[in-house]
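Report on the following structure.
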Amino acid sequence: MTDVTERTILVPIDMHGINRGTLETLVTIARQLDRGVLGLLLEDIRLQRVADLPFTTEITLTGARERSLLRDHLSQRYSQVNADTRRLLNELAARDRVRLRFEDAAGPRWHTALQREGQLDIFFPARDMWHPRAAMQRSRGGLIKRLGILLPTGDQAAALLGCAEALLRAGLVGDVYVLSEQRLMPEQLQPLYRPGHQVRVQANFDLSPDSIAALIRYSPYDLLLLPRDCLKGIGTDSIDAALEKSGTQILVMN
């Protein structure tokens, strides 16, 4: 079980896998924020249900037993992805001296990640789709060229700004884009300013569930920082669908 006293970044790992560059970014962020990493190895029960449909079976010649072709394929794929991701994360975490552990679970990424207890932030990798922007992201290695921050009011704002400042201080971030429902005071954003870097602010951002789901789906940033509380009003299916289409790494801060 998760140590509830340790600040940790949870990363859901499913059958789609996570490329090395994204894992390097995750481990680098964890090191700079003094977080451990929890790899949540997910068996997607929805895919298993598809594998159990009648048209995905065959009758073997030896013994005339029924065997699920798709289920066998999914099982092999799941085992291979798990092994590859564990190997890479162990290598990167050891290199950067980041605390790392793994747990098994079943379910979709968003819902299953939210069920975990403890001081957990959640890192959602972008799906590995081929298009020009994704190719540019991979070619930059771990650099976060564009950091987006959805900034709420109150204590959560300070936590998100502290995270962004730590990443800036480590030289991991290029320009910063701040989205807020209200106008922000200059002193609030002072920690984000660095010579040669731009800070751009949109002070009229709509924090409705539909707008936040659209931001996740169509985000133009390399990394998007979100406070967990702003996602409470969004349905699980809506967030899952947005995450499936998103080309952005997303860090949900608890």
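The values are calculated or read from the model by the stated rules, or taken from the named source; none is laboratory data. Keep in mind that what you see is a predicted model, and the values were worked out from it rather than measured. With ideal geometry, Cβ positions are generated from the backbone for all residues, glycine too; neighbour counts draw on all protein chains shown.
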Inset, instruction - Just need a number here: residues in region 205-221 that are of a type in the set (S, T, Y) and touching a residue at least 40 places away in the same chain (Cβ under 8 Å). - result: 2
Inset, instruction - Mind listing just one residue for me: the one in region 167-186 that is farther than 23 Å from C230 by Cβ and exposed (fewer than 15 other Cβ atoms within 10 Å of the Cβ) and, of those, modelled with the lowest pLDDT? - result: P186
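So which of Q156, Q182, Q198, Q188 is of a type in the set (S, T, N, Q) and over 29 Å from G233 (Cβ atoms)?
Values: Q156 fails: over 29 Å from G233 (Cβ atoms); Q182 fails: over 29 Å from G233 (Cβ atoms); Q188 fails: over 29 Å from G233 (Cβ atoms).
Selected residue: Q198, the only one of Q156, Q182, Q198, Q188 that is of a type in the set (S, T, N, Q) and over 29 Å from G233 (Cβ atoms).
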Inset, instruction - Note down all Cβ pairs under 7 Å where the first residue falls in region 87-109 and is more than 17 Å from G21 (Cβ to Cβ), the second is assigned to a helix (DSSP H, G or I) and polar (S, T, N, Q), and they're at least six residues apart or on different chains. - result: L100/N90; A105/T112
